[in-house]
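To start, the structure itself, in structure tokens.
The values are calculated or read from the model by the stated rules, or taken from the named source; none is laboratory data. Remember, predicted model here, so these are calculated numbers, not experimental data. Cβ sites come from the backbone with ideal geometry, for glycine too, and all protein chains shown count toward neighbours.
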Amino acid sequence: MIGFETSRVRHMLTALMCILSLASVNFPAAAQSEPEPVVAAAADLQFALVEVAEAFKMATGKVVKLTFGSSGNFARQIRQNAPFQVFFSANEDFVKDLARDGFMRDSGELYAVGRIVLIVPKGSPLKADGKLLDLKAALSDARLKRFAIANPEHAPYGARAEEALKHAGIWDAIKDKLVLGENVSQAAQFATSGNAQGGIIAYSLALSPQVSALGTYELIPADMHKPLRQGMGLTKSAGPIAAAFYNFAKLPEARATLRKYGFVLPGEAL
């Protein structure tokens, strides 16, 4: 037991030293006057990455500007030379494709695997049933009027929601009742604000106090859809502060924040 505690303390000290060493980085003179780098981040990171950015500011004194939205839209904008320096995508393939076509510094790396949940607002006639059995029944007994997911055409969480609905055998029956969010954050708003009777959203959003207070949710089994492998990378225009934030996101403190919001870290079991 003593050996375990000693190892744990050693691990914590190592992580702290990493953060402190990052804080003492002597940024080049150009970086001192560098505008805040813009980070394009998938909407499922809306709460988690804000905490990571705040920790980065405390550790380094540097600030990054976070912009949240659909990963597919961000990938298209990067191809159109949008001024993003770091890209946190909800689908690692977007980063890999951009890297292949010369828009990234390298091929990027996996930072997390996301999960999806069925969420229903307070007063909904639906049950928070992750296996979607009650949703199927609600289609038959006319309880369901509107149901929210992110747009599957460009939002990875919407694509996984579609897969789960198809796995449950109800995609064709529910298509005409769908309310599509531009991204998974907007889908969460629709699903919990009375615009719909429920929806499929990111687990990371459902875990936030702001969303969890609005209804109840249940995880959808991971075998009902493809894994939400999420990748991050630096664009060709990334400067020193952007690179420092990218590296900070790999440190134990940042990874612990992702885990807190329900993300599965690389190497962990779903």
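Yes/no matrix, rows are residues, columns are (1) modelled with pLDDT of 95 or more; (2) more than 21 Å from A188 (Cβ to Cβ); (3) in the same structural domain as P152 (by TED's automatic domain parsing):
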{"site": "S208", "(1), (2), (3)": "yes, no, yes"}
{"site": "A213", "(1), (2), (3)": "yes, no, yes"}
{"site": "I220", "(1), (2), (3)": "yes, no, yes"}
{"site": "G231", "(1), (2), (3)": "yes, yes, no"}
{"site": "T235", "(1), (2), (3)": "yes, yes, no"}
{"site": "A244", "(1), (2), (3)": "yes, yes, no"}
{"site": "G267", "(1), (2), (3)": "no, yes, no"}
{"site": "L270", "(1), (2), (3)": "no, yes, no"}
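Test A196 against the stated conditions and say whether it is assigned to a loop (DSSP other than H, G, I, E, B) and of a type outside the set (D, E).
Against the criterion (assigned to a loop (DSSP other than H, G, I, E, B) and of a type outside the set (D, E)), A196 qualifies.
Test each condition in (1) in the same structural domain as A138 (by TED's automatic domain parsing); (2) among the hydrophobic types (A, V, I, L, M, F, W, C); (3) part of a helix (DSSP H, G or I) for I201 and report the one that comes out false.
For I201, the failing item is (3).
Which ones in the stretch 133-158 are touching a residue at least 40 places away in the same chain (Cβ under 8 Å), within 22 Å of L205 (Cα to Cα) and not hydroxyl-bearing (S, T, Y)?
L135, R146, F147, A148, I149, A150, N151, E153, H154, A155, P156
Only residues that are outside any helix (DSSP H, G or I) and not small (G, A, S): list them for the stretch 50-81, please.
Hits for the stretch 50-81 are K62, V63, V64, K65, L66, T67, F68, Q80, N81.
Which residues, taken from the stretch 116-142, are modelled with pLDDT of 95 or more and more than 15 Å from G199 (Cβ to Cβ)?
K131, L133, K136, A137, S140, D141
Determine whether G102 is free of Cβ contacts under 8 Å to residues at least 24 places away in the same chain and assigned to a loop (DSSP other than H, G, I, E, B).
no
Report, by residue number, each residue of the stretch 174-189 that is in contact with a Lys or Arg (Cβ under 8 Å, 6 or more places away or on another chain) and in a helix (DSSP H, G or I).
Passing the criteria: only K177.
With the requirement that a residue be more than 19 Å from the chain's Cα centre (by Cα) and under 25 Å from L205 (Cβ atoms), what does the stretch 76-130 give you?
If the condition is that a residue be more than 19 Å from the chain's Cα centre (by Cα) and under 25 Å from L205 (Cβ atoms), then A82, V120, P121, K122, G123, S124, P125, L126, K127, A128, D129, G130 are the ones that fit.
If you take the residues in the stretch 19-49 that are of a type outside the set (A, V, I, L, M, F, W, C) and outside any loop (DSSP other than H, G, I, E, B), which one is modelled with the lowest pLDDT?
My answer is S21.
Looking only at the stretch 58-105, which residues are surrounded by 22 or more Cβ atoms within 10 Å (Cβ to Cβ), charged (D, E, K, R) and either modelled with pLDDT under 95 or in contact with a strand residue (DSSP E or B) (Cβ under 7 Å, 6 or more places away or on another chain) (or both)?
E92
Scan the stretch 189-206 residue by residue and report those that are surrounded by fewer than 24 Cβ atoms within 10 Å (Cβ to Cβ) and small (G, A, S).
Hits for the stretch 189-206 are S193, G194.
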